Structure formats: structure tokens, C-alpha cells
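Worksheet for the structure shown next.
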Amino acid sequence: MNIVVGVTGGIAAYKAVSVIRALVLAGHDVHVVATDAALRFVGLPTLEAISRNPVHHELYDGVAQVRHVAMGQAADVIVLAPATANTIARVAAGLADDLLGTTILASTAPLVVAPAMHTEMWNNPATVHNIATLRARGAIIVGPASGQLTGSDSGPGRMSEPDDIVRAVLAAVRPRDLKGKRFVITAGGTREPIDPVRFIGNRSSGRQGVALATVASERGATVTLIGANIDIPVPDSIATIMVTSSSELADATFEAAASADVVIMAAAVADYRTEAIAESKLKKEIEGDELTLRLVKTEDILATLVSRRRRNQTIVGFAAETEPNDDRLLELGRAKIERKDCDFLVVNRVGWQEGFGGDDNSVTVLNRAGDIVMKASGTKLSVASHILDLLN
Ligand SMILES: Cc1cc2nc3c(=O)[nH]c(=O)nc-3n(C[C@H](O)[C@H](O)[C@H](O)COP(=O)(O)O)c2cc1C
């Protein structure tokens, strides 16, 4: 993707370097347009080295290539990070007396704006009005965050973190190919109570399920997330039902799945629960040296979903296995999809250091015939995008 990063003259310009770097490392062609003020805060060689492209700032350079409009015309998305109060006002007014101004006016690409300024400047009615103008034109405003500012003061005005800006940039150009589809996605790990204070659980963090929900929503789907004990932020656009045990997860999933086009079972659901839940906390003084818990199988939610499948409903299961050998891992996956008869099975390896909890994942997706239809490694967001490509 061709991304123009407009860097303007605020202290947060040093953080623009991290935004540019993340976009380059994600494989994008990044072109920086810096204002004169920006170059007083961060050096041109730094921006050129990090973006791996020449950095332009002079309106009357590159005239033979009609640069003043060419960069805007070629951009798939433009991001202003940081966006000063001055540049926000200039863009709102449609001014074109510098290269950044002409580039933005010559572009029909989505515009992502990450404001950074002191709280008083952010709250000033002029800035409030300019931001409202940009929003009304479809610009995506990221932040600002609230926190420590350049001086000793703190409050709203701090530029959002580079990761959040990068996420907003990539979300702005996602295809809306899932518009009109209703997704139900489960995430997290269930907890089966032993007594009022203890449970049998697992180490699933819910990150892969939340990533699937986030990307599906950004691609236009209506998403219901059923989260089992997840403790990570979920975008407001996603209807979230929080559950604890496998039976709560089953009830919520069956109800939501009754009107869903796609159901993705990314949650790690307990296979066993305690047969009886103690009314009060088990005490070692009473139980003695050994305690026996009798466990019984929980409901097979995936199998029940498949048996109740609506016409044209797609059901995706997950298999998290500790098997170290790749071939045997796939054999386990193939046996599972044959047993469950879901449409796709996402197979991933989990272990002490793998799968659960981290930001990255590595998956192989099988279809009903047991064929490999996709392999993906990378961040859980990028793995989510690849999985959703199979479902559009
Ligand atoms: C030390 C210093 C820090 C500044 N930080 C900011 C800032 O964070 N946000 C902002 O809107 N303006 C800030 N300014 C003011 C801008 O640099 C000034 O408005 C400039 O004209 C912006 O130009 P540009 O929008 O073309 O980059 C700062 C100025 C100085 C001297």
C-alpha cells in the first residue's frame, strides 16, 4: 500500500518515527511529507532512513513530476502524525500553500489525523470546530490521549501511541467486504467453578478471538463477541457478552448463533467441569491430605452448533494442540474436523511459550475435506485478516 505520512511541527514528531517504521515493517511503501516546522523537531535523514524513501517538504521541488499533486493522487491513505493545531486548521480551511496542503487536497484517499497539542489548544473552540469539520468530511481522528504533556502539565492532547495510529491507518483502508454479514465470535478461556473462590481454567487470553472480532467489524460485519474471562480492550463497535463457565458460553453462543451467518469458536472451552460445585470454600482442615474432584464432560459446543447449523451458516472451529511434530499436528486437526464436521478448522500449536497470551500466532486452516486452505503467521490481527479472507 502507498501511504503518505504527514509529519507536522510538534514535540510528538519524534514519535512519528515509530509510526513510519511500523508501517514500513508491515510492508508498505511510505512517503513522508514534512512541514518546515516538523523538520525543526526531527531530522530529515532520520525520516528518510526510516521511511526508505526521499522525504519531501518543498512545494516547488520536483515540479517536472508535478509532485505537489502526484503524491496525494497516488496515496491509498494519508496520515497526519502528529497533527498540530495549525495544520488541522489549515486542512479544515483547505489551504494549499505548502506541499502537505496540496498533497491532501489532491487526494481522495482516507485521511487519518492524530492530533497532538496542549490541552488548552485542543479545547480551544477554534480547534474543536476544525476537528468537527474534518470529521464531517470523513477524516478519522485518532485520539488524542490524555496524559503527561511536554511540560509538567497533563491532560487531553497527547498524541495517541504509534501502535494505535498504525491500527487506525490499516483499518481505514480495509475492504468493507463483510458488510451485511452477522458474525458470532467466541474468545478467551472458560472457568469451571470448584467452589465460590476457585476454578479450573486455561491460559487462553482471548487475543486471537478479539483480533478476529476487531477485523471483522472493521471490514463491515455486525459482530457479537462472546468473551470468556477476557481482560483486553474490545472496540465499541462490537456487541460483547461476557461469560465465565462453559455452560454460560454455550447458552450465549447458541442464542447468538441462531441468527448468525458465521460462527467462529476461538474460545478455549473446558472439556471437563466439576460434577458438583461446593457451596462454600473447601478447607484443607476438613478435606485432609488429599482432595478428589470428580470431573464430568462439558457439552461439545462446536458439535451442537454444527447439528443446529442454519442454512448457509459457516462454522469455524479451533484446535489448540501441544503436538510438536507438524505432520502429527495436522493429523490431529484432520481427525477433529472429520469428527466435528465444521466448515473450517484453525489449527495452532500451544505450549508453555506458544499460542496463548502473546501478540503473535501461527495457524494452519483445514477445510472439511482436511485440505490445507491457508497458512498464516504474524500478529494476531494479521492472522485474523487471513482467516476472514476465507469467509467473505
Ligand atoms: C517547542 C515547541 C513545541 C510545540 N509543540 C506543538 C504541539 O505539540 N502541537 C501543536 O499544535 N503545536 C506545537 N507547537 C507550535 C507549532 O510548532 C507551530 O504552530 C507551527 O507553526 C506548526 O507548523 P506546522 O503545522 O506547519 O507543522 C510547538 C512549538 C514549539 C516552539
Around M117 (Cβ within 15 Å, Cβ-to-Cβ, excluding M117; K/R +1, D/E -1) the net charge comes to +1
With label points set 7 Å from each Cα along the Cα-to-Cβ direction at L25 and W352, the distance between them in nm comes to 2.7
Projecting the Cα atoms of G378, A93, H28 onto the charge dipole of the chain, where Lys and Arg contribute +1 and Asp and Glu -1 at Cβ, the residue farthest towards the positive end is A93
Here FRET efficiency (C-beta to C-beta, N123 to D163, R₀ 35 Å, nearest 0.05) is 0.85
Expected sort for 292-300, 81-89, 243-251, 336-344 on mean C-beta neighbours within 10 Å, highest first, is 81-89, 243-251, 336-344, 292-300
Ranked output for segments 228-240, 264-276 by mean other Cβ atoms within 10 Å, highest leading, reads 264-276, 228-240
So the FRET efficiency between D359 and A64, C-beta based with R0 = 41 Å and rounded to 0.05, is 0.40
Result for the range 39-153: accessible area per residue, probe 1.4 angstrom, in square angstrom, of 50
Gyration tensor on Cα atoms of the range 1-111, a ≥ b ≥ c root eigenvalues, a/c under 1.5 rounded, else prolate if a/b beats b/c, else oblate, says rounded
Once both label points are put 7 Å beyond Cα along the C-beta direction, the L332-N86 separation in nm becomes 6.0
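Kindly provide the helix-only [θ] at 222 nm of the chain, computed as the sum of -39,500 (n - 2.57) over DSSP H runs of four or more divided by all residues, to the nearest 500 deg cm²/dmol?
Value at 222 nm, helices only: -10000 deg cm²/dmol.
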With the dipole of the range 182-389 defined by +1 on each Lys or Arg Cβ and -1 on each Asp or Glu Cβ, the option from A335, F183, F199 whose Cα lies farthest towards the positive pole is F183
Hits in the range 235-253: amide N under 17 Å from the 7 Å Cα→Cβ extension of R176, namely 237-238
Lys pairs in the chain with Cα under 27 Å (8 or more apart in sequence, or on separate chains) total 16
Here, A278 and R311, labelled 7 Å along Cα→Cβ, have an inter-label distance in nm of 5.3
Computed about the Cα centre, the charge dipole of the chain from +1 Lys/Arg and -1 Asp/Glu charges at the Cβ has a magnitude in debye, to the nearest 20, of 760
Share of accessible surface on carbon and sulfur in the chain, whole %, 1.4 Å probe and ligands ignored, is 50
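The values are calculated or read from the model by the stated rules, or taken from the named source; none is laboratory data. Owing to the predicted nature of the structure, the values given are computational and were not obtained by experimental measurement. Virtual Cβ from ideal backbone geometry, glycine too; neighbours counted across all protein chains shown. Just so you know, the surface numbers come from the protein's heavy atoms only, side chains and all, with ligands and any DNA or RNA stripped out. Shrake-Rupley method; radii C 1.70, N 1.55, O 1.52, S 1.80 Å.
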